[in-house]
1. Compute the angle between helix 5-30 and the longest alpha-carbon principal axis of the chain, please, reported from 0 to 90 degrees and rounded to the nearest 10.
2. If each residue of separation counts as 0.36 nm, what is the full-extension length gain between residue 24 and residue 95 once their alpha-carbon separation is subtracted?
3. Using DSSP to call loops (not H, G, I, E or B), can you name the trypsin sites (Lys or Arg not before Pro) in the range 8-112 whose Cβ has at most 15 other Cβ atoms within 10 angstrom?
4. Report the charge-dipole magnitude of the chain in Debye, nearest 20, computed about the Cα centre from +1 at each Lys and Arg Cβ and -1 at each Asp and Glu Cβ.
5. Over the chain, what is the relative contact order in percent, taking alpha-carbon pairs closer than 8 angstrom and at least six residues apart?
6. Could you name the lysines whose alpha carbon sits less than 20 Å from that of residue 69, not counting residues in the same chain fewer than 8 places away?
7. Just need the relative contact order of the range 37-82 here, percent rounded to a whole number, with Cα pairs under 8 Å and 6+ apart.
8. List, largest first, the extents of the alpha carbons of the chain along their principal axes, each in whole Å.
Amino acid sequence: MPNDPELDELRREFLAEATDKVREIQASLDAGTSSEALDRLAYLSHQLKGAGGSYGYEKISSEAAEIEKAAERIATGDGANVNGSLQQHVINLRAEIEKHRRELDPQTASRV
């Protein structure tokens with residue numbers, strides 16, 4: 001990505017917010033399959049999907065899209081075997097966010 005200080009600052013803010021959203025996603029997963037937990041999971045992943053793509057982070061967007069789809073499948077009763085892949089998408093999402101944080105701030109990036 002081209003070096004644009006203003007855009008880089010926006011990306012830093014997005015990645016910080018994305019880190020918080022991934023923590024919330026994990027909390028929603030840990031809360032089980034209540035309709036509130038699934039709604040929150042779908043909402044957070046939908047936000048990350050759109051914003052990630054807007055900032056040029058296609059892998060963040062695609063991982064979030066997979067989480068959103070899995071939450072919707074679980075909510076409709078069609079997600080009996082998605083828990084393992086759902087956790088893997090969360091791990092991938094967390095890793096991708098960390099990777100981009102390190103690219104923007106190699107000295108100050110911390111573990112997600």
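1. The answer is roughly 20 degrees.
2. Full extension of this stretch gives 24.0 nm more.
3. Counting only loop positions with at most 15 other Cβ atoms within 10 Å, the trypsin sites (Lys or Arg not before Pro) in the range 8-112 are 111.
4. Computed charge dipole of the chain: roughly 320 debye.
5. 25
6. Excluding near neighbours in sequence, the set is 21, 49, 59.
7. Averaging sequence separation for qualifying contacts and normalising by length gives 39 percent for the range 37-82.
8. 45, 23, 20
The values are calculated or read from the model by the stated rules, or taken from the named source; none is laboratory data. Keep in mind that what you see is a predicted model, and the values were worked out from it rather than measured. Don't worry about glycine lacking a Cβ; one is built from the backbone with ideal geometry, like all the others, and counts go over all protein chains shown. Surface accessibility is based on the protein's heavy atoms, side chains included, excluding ligands, DNA and RNA. Shrake-Rupley method; radii C 1.70, N 1.55, O 1.52, S 1.80 Å.
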